[in-house]
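Input: a single structure, listed below in structure tokens.
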Amino acid sequence: MKLGLQLGYWGAQPPSGTGELVDAAEAAGFDAVFAAESWGSDAFTPLAWWGSRTSNVQLGTSVAQLSARTPTSCAMHALTLDHLSGGRAILGLGVSGPQVVEGWYGQPFRKPLARTREYVDIVRQVLAREAPVTSAGPHYRLPETGTGLGKALKPITHPLRADLPIWLGAEGPKNVALTAEIADGWLAIYYSPRLAPMYDEWLDEGFARPGARRSREDFEVAATCQVIVTDDRAAALERLKPTIALYVGGMGAPESNFHAQVYRRMGYDSEVAEIGRLFLSGRKTEAAAAVPDDMVAETMIVGDADHVREEVKRWEDAGVTMLLLTASNASEVGELGALLKG
């Protein structure tokens with residue numbers, strides 16, 4: 001199993017000790033370090049800053065939001081990071097949700113699948129640098145025809161890798177199938193090994209499409225998974241419940257919360273409804289208390305060392321090729337690396 005360190009996105013202030021976490025991940029044999037963004041810090045700058053201390057780990061965005069940048073701008077970020085890191089960049093992309101896309105970026109959320117397909121095509125044109133970049137749209141028209149003076153261009157800087165890997169964050173069946181068709185990997189959030197047969201159906205639909213880029217054998221499935229090694233499993237599960245309550249109850253409009261839909265597919269429909277009701281009424285502590293232990297254990301690995309190793313093997317058997325882990329300090333990173341990388 002490959003391991004990635006998920007740095008996430010910043011809260012009210014930049015986190016402390018991030019450099020030590022990244023150093024520890026490199027020393028412990030982690031395969032990658034990832035940074036995220038929502039509506040505060042961006043995903044690329046931390047990777048360039050902290051990644052400059054490293055020489056082996058891959059540096060990935062998980063995820064860079066499509067609406068934050070035009071596709072050509074995003075390709076510029078990716079090719080720059082790839083050069084600076086000596087070919088270690090992974091471009092993880094995601095559509096985000098309507099609250100962020102329309103409320104923060106001021107762009108329409110409509111047609112997310114079509115936008116993703118068009119966006120990835122333009123990024124790949126930039127990285128290939130075989131011809132001036134063009135797109136008939138309708139979402140990202142290049143050249144834009146407003147003044148009639150627009151000119152199709154190639155990037156001035158020659159990309160280091162035309163095949164720089166592009167992974168997509170996806171949660172629903174159509175988006176996962178699209179990911180298998182056009183991307184090099186799937187960034188899965190709240191993955192459940194129990195539902196692997198369902199995920200396989202979605203992925204196989206994409207792999208079977210004409211012109212699919214990858215097959216099961218050379219496609220990455222990177223799942224974000226909180227892994228906690230502890231002898232007090234009950235207490236650890238309780239500590240994780242507020243995070244699930246936040247994402248299920250508050251990260252998205254009630255009628256369009258993709259995280260809530262993920263847990264509904266697992267069979268937690270009534271629990272999701274109750275968590276959402278409590279969270280949106282301001283009763284966040286009660287919302288966390290409404291999260292059952294099984295709902296946490298479904299998508300996270302918590303227990304003693306033997307349990308953790310067994311569960312990681314179960315996730316690997318279910319098709320996951322990389323676990324994206326979080327850690328609070330460097331020693332925890334080292335312990336996880338020693339336990340899971342041997």
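The values are calculated or read from the model by the stated rules, or taken from the named source; none is laboratory data. Just so it is clear, the model here is predicted, and its values are computed rather than measured. Using ideal geometry, Cβ is built from the backbone for each residue, glycine included, and neighbour counts are taken over all protein chains shown. Calculation scope for accessible area: heavy atoms of the full protein, side chains included, ligands and nucleic acids excluded. Shrake-Rupley method; radii C 1.70, N 1.55, O 1.52, S 1.80 Å.
Worth pointing out:
- Mean projection area, nm², convex hull over Cα of segment 71-138: 5.2
- Relative intensity, log₁₀ I(q)/I(0), of segment 194-342 from a Debye sum that treats every alpha carbon as a point, q = 0.20 Å⁻¹: -1.25
- Of K241/K313; K2/K341; K313/K341; K241/K284, pairs whose Cα-Cα distance is over 20 Å: K241/K313
- Across segment 230-246, coupling constants 3J(HN,Hα) worked out from phi with the 6.51/-1.76/1.60 Karplus curve, θ = phi - 60°, read 7, 8, 10, 5, 4, 5, 5, 4, 4, 5, 8, 5, x, 5, 5, 4, 4 Hz, and Gly and Pro carry x.
- With N the number of residues in segment 107-188, Rg(Cα) / (2.2 N^0.38 Å) evaluates to 1.21.
- Distance between segment 68-110 and segment 287-342 - C-alpha centres, whole angstrom: 28
- Under Stokes-Einstein, with the Kirkwood radius over Cα pairs as Rh, the value for segment 140-191 at 37 °C and 0.692 mPa s is 233 µm²/s.
- Positive-end residue of M266, F279, V229, charge dipole of segment 229-342 with Cβ unit charges: F279
- Residue order for F30, F258 - accessible surface, 1.4 angstrom probe, largest first: F258, F30
- Kirkwood-type radius of segment 57-215, with distances r between different C-alpha atoms, in Å: 16.5
- Top positive-direction residue, dipole computed over the chain with Cβ charges, set G51, V308, A136: A136
- Rg/Rg_globular for segment 142-225, with Rg_globular taken as 2.2 N^0.38 Å and Rg from C-alpha atoms: 1.43
- Of all DSSP beta bridges in the chain, antiparallel share, percent nearest 5: 5
- Cβ charges +1 (Lys, Arg) and -1 (Asp, Glu), total dipole of the chain, debye: 1340
- Evaluating 6.51 cos²θ - 1.76 cosθ + 1.60 at θ = phi - 60° for every residue in segment 282-293, the Karplus couplings come out as x, 9, 5, 5, 5, 4, 5, 5, 7, 7, x, 4 Hz, glycine and proline recorded as x.
- Equivalent-ellipsoid semi-axes of the chain, from the Cα gyration tensor, Å, largest first: 32, 24, 19
- Distances between placed amide hydrogens fall under 5 Å for I228 paired with I301, V302, G303, all partners being 5 or more residues away or on another chain.
- Candidate cross-link partners of K151 among the aspartates and glutamates, defined by an alpha-carbon separation under 18 Å and a same-chain spacing of 8 or more, comprise E130.
- Remark: segment 93-177 carries a charge dipole of roughly 140 debye about the Cα centre, counting +1 on each Lys and Arg Cβ and -1 on each Asp and Glu Cβ.
- Largest GNM mean-square fluctuation across K313, K284, K151, computed for the chain with C-alpha springs under 10 Å, falls on K151.
- Kirkwood analysis of segment 6-95, using all unique Cα-Cα pairs, places the hydrodynamic radius at 13.1 Å.
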